[in-house]
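Participant: Questions regarding the structure given below will be posed in turn.
The values are calculated or read from the model by the stated rules, or taken from the named source; none is laboratory data. The structure presented is a predicted model; accordingly, all values stated were derived computationally and were not measured. No Cβ is skipped: glycine too gets one built from the backbone with ideal geometry, and neighbour counts run over all protein chains shown.
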Amino acid sequence: MPPGGETVVGNRFRFVSLLLASLSLLTVTPLAADEIRSPSLTALRVDWRAALDQLRTEINSRPQVAADFTFVPRRSVARFDPRAMPALVQLNAVSSQFFTGITRSPIPVLLPFDPAAYLEAQRSSAPGTKLAVSRYQADFDPVDMFDAGPAGYSATFSLEPGAGDGMPTRTFAKPVEVQITGSALVYDIADPAGGKGEPVKSLATTYPDLRKFIREGFLRYAFTRFGAAYVVSIQCLDSVAKPRRLACKEAYPVAERFLKALHVAGGQRMRPLMDVSSDLIDRPADRSTDFSYRPSGDIIPNTGYRKQGGHPDVMAYAQIRFPLEKAPAFVHSQSYAKRDKADGPTAYPWRDNFCESRSFEVWQCAGGYGHQGEDIRAANCPSSGDNHEPCDPRQRSVVAVRDAVVIRAPSDQAATLEVNSRTEHIRFRYMHMNPHALNDSGVLNGRIVNEGEKIGVVSNYLDHPAGTSMHLHFDVQVFTRDGWIWVNPYATLISAYERLIRARGREIGPEIASTPQPVAHALPEDVIKPDLREGSSSEGN
């Protein structure tokens with residue numbers, strides 16, 4: 001053996017040993033098939049100086065009120081003290097009369113409200129004169145819903161039939177509703193349809209990156225301003241006009257009128273938000289003796305759009321309280337499953353029904369159509385001779401899944417709860433509760449509800465009482481650069497139910513061949529990240 005040969009051989013042996021040890025670590029710690037992850041979000045950086053520049057231009061267009069605003073920053077106060085930008089304080093004082101809580105928005109609030117024009121009219125009017133706010137909102141009615149919080153803001157306005165010059169001449173059955181959301185948080189979802197759309201030449205100067213597109217039943221206009229993401233949307237029918245429904249082509253001029261009328265209406269500079277990383281969620285250590293569920297995406301065979309399968313998604317998009325007050329409860333199809341006491345909707349295991357065939361657009365489902373959410377059924381009342389507590393099948397309480405603000409007009413058949421925090425911007429929708437009962441309970445726009453608070457009962461309302469089976473439809477939307485997008489809530493509900501019963505369920509059934517849901521911020525370093533595209537209220541049952 002040549003001199004030093006023993007050292008060479010020894011080094012090679014140690015290298016091979018270390019390599020084998022490393023490979024063994026990779027192979028003995030795979031993720032379990034039923035692990036559930038939290039989502040990741042990207043925090044956007046807001047350019048408040050650009051917002052002040054736009055505000056200064058808008059205010060200076062009304063010389064009579066320009067002197068009311070101070071654009072010189074105050075250096076004597078802390079950077080994130082509201083007084084550092086006195087013009088914003090002065091603006092918020094005007095706008096907060098109509099948009100309560102506008103100072104809670106950490107991004108510039110763009111609304112079809114012209115504060116300078118309003119102030120000018122107020123100054124020239126007789127004392128005590130009440131001005132019609134719609135005159136300073138491009139003929140849009142006073143805001144139907146406005147909510148601002150640490151992630152951004154949402155607002156809904158309506159345009160009455162026949163109002164506004166140049167608007168569609170056809171008279172609709174109800175006002176056209178326009179929604180706008182601005183956010184400093186966007187969810188990272190592997191969305192192949194995200195980021196698409198066509199430019200709007202007539203608005204390109206004002207909104208250079210504006211995209212117009214139709215997704216999930218809404219005409220949408222998405223753009224970036226001051227570093228934040230904004231989306232204006234109108235629910236519409238992507239076909240010929242119907243007597244009671246707005247065609248999307250008829251919605252174009254309404255949305256563009258809205259966009260042309262947007263002004264900086266308020267907001268307040270705050271400490272920047274942080275990216276939120278995805279992680280495995282904590283689940284109960286104890287195992288349930290009875291709760292079981294089939295894998296995400298494992299829908300009843302041949303019930304998907306054109307008999308296609310479901311979409312596996314192991315993401316719990318939020319940590320929520322289960323939406324029914326008591327267990328047991330059952331996630332099952334209400335359109336295809338059996339309905340006897342021993343099977344189907346009132347028995348374990350649960351079964352995903354997010355991608356069951358419907359006429360609703362859902363980006364996660366094969367062919368682009370699906371159910372939008374999950375159907376949940378309460379347990380049957382036990383037989384009278386079993387010495388159980390009294391049970392009324394029509395009084396199974398539905399509760400708020402989180403502390404949230406309600407989005408619901410008196411005529412809506414659905415109630416939506418929006419969570420707006422420094423780490424989330426997400427919506428939860430409840431359907432099939434009787435709208436008259438919701439009205440009587442005050443479940444209406446702007447109401448604040450607390451997690452676990454009763455907001456209704458499981459019912460069967462769909463256009464009229466007994467229009468569907470007795471169940472709750474529950475779905476989830478997250479905010480992206482394409483606006484509010486439906487995502488599969490199945491894993492979210494599994495996680496919530498396990499916390500309700502304080503035990504971990506058991507996944508059963510055949511394995512689903514799938515690629516794990518990609519996430520943006522928490523993948524191991526040795527995994528190549530996918531290319532993630534960054535970027536309401538149709539009915540489900």
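Participant: Condition check: within 16 Å of the chain's Cα centre (by Cα) and outside any strand (DSSP E or B). Does Gln372 satisfy that? Don't jump to the end; show me each part of the working.
Facilitator: Values: within 16 Å of the chain's Cα centre (by Cα): yes; outside any strand (DSSP E or B): yes.
Yes; evaluated as a whole, the condition is true for this residue.
Participant: Go through region 196-209 and count every residue that is in a loop (DSSP other than H, G, I, E, B) and surrounded by fewer than 16 Cβ atoms within 10 Å (Cβ to Cβ). Steps first, please.
Facilitator: Filtering region 196-209 down to residues in a loop (DSSP other than H, G, I, E, B) leaves 196-197, 199-200, 204-209.
Next cut, surrounded by fewer than 16 Cβ atoms within 10 Å (Cβ to Cβ) only: 196, 199, 204-206, 208-209.
Adding up the residues that qualify gives 7.
Participant: Mind listing just one residue for me: the one in region 210-253 that is assigned to a loop (DSSP other than H, G, I, E, B) and touching a Leu at 6+ places or on another chain (Cβ under 6 Å) and, of those, nearest to Leu52 (Cα to Cα)? Walk me through it before giving the result.
Facilitator: Filtering region 210-253 down to residues assigned to a loop (DSSP other than H, G, I, E, B) leaves 210, 216-217, 226-227, 236, 238-241, 243-244, 246.
Still in the list and also touching a Leu at 6+ places or on another chain (Cβ under 6 Å): 210, 227, 236.
Working: Leu210: 21, Gly227: 13, Cys236: 35 Å.
It comes out as Gly227.
Participant: Name the residue that is farthest from the chain's Cα centre (by Cα), counting only residues in region 210-242 that are of a type in the set (A, V, I, L, M) and crowded, with 20+ Cβ neighbours inside 10 Å.
Facilitator: Ranking the candidates gives Leu210 first.
Participant: Also, quick follow-up: Within region 281-290, track down each residue that is surrounded by 14 or more Cβ atoms within 10 Å (Cβ to Cβ) and either part of a strand (DSSP E or B) or in contact with a Pro (Cβ under 6 Å, 6 or more places away or on another chain) (or both).
Facilitator: The one that is surrounded by 14 or more Cβ atoms within 10 Å (Cβ to Cβ) and either part of a strand (DSSP E or B) or in contact with a Pro (Cβ under 6 Å, 6 or more places away or on another chain) (or both): Ser288.
Participant: Another question, then. Hey, among Val178, Val186, which residue is outside the structural domain of Thr423 (by TED's automatic domain parsing), touching a strand residue (DSSP E or B) at 6+ places or on another chain (Cβ under 9 Å), closer than 14 Å to Phe258 by Cβ and part of a strand (DSSP E or B)?
Facilitator: On the way: Val186 fails: closer than 14 Å to Phe258 by Cβ.
The match here is Val178.
Participant: Let me ask something else. Going by the structure shown, is Ala342 touching a Gly at 6+ places or on another chain (Cβ under 8 Å), among the aliphatic types (A, V, I, L, M) and either assigned by TED's automatic domain parsing to the domain that holds Lys196 or at pLDDT below 90 (or both)? Outline the logic, then answer.
Facilitator: Working: touching a Gly at 6+ places or on another chain (Cβ under 8 Å): no; among the aliphatic types (A, V, I, L, M): yes; either assigned by TED's automatic domain parsing to the domain that holds Lys196 or at pLDDT below 90 (or both): yes.
Here the answer is no, as Ala342 does not meet what is asked.
Participant: Looking at (1) under 30 Å from Phe157 (Cβ atoms); (2) in a loop (DSSP other than H, G, I, E, B); (3) out of contact with any Pro (no Cβ under 8 Å at 6 or more places or on another chain), which is the one condition that is false for Leu259?
Facilitator: Of the numbered conditions (1) under 30 Å from Phe157 (Cβ atoms); (2) in a loop (DSSP other than H, G, I, E, B); (3) out of contact with any Pro (no Cβ under 8 Å at 6 or more places or on another chain), the odd one out for Leu259 is (2).
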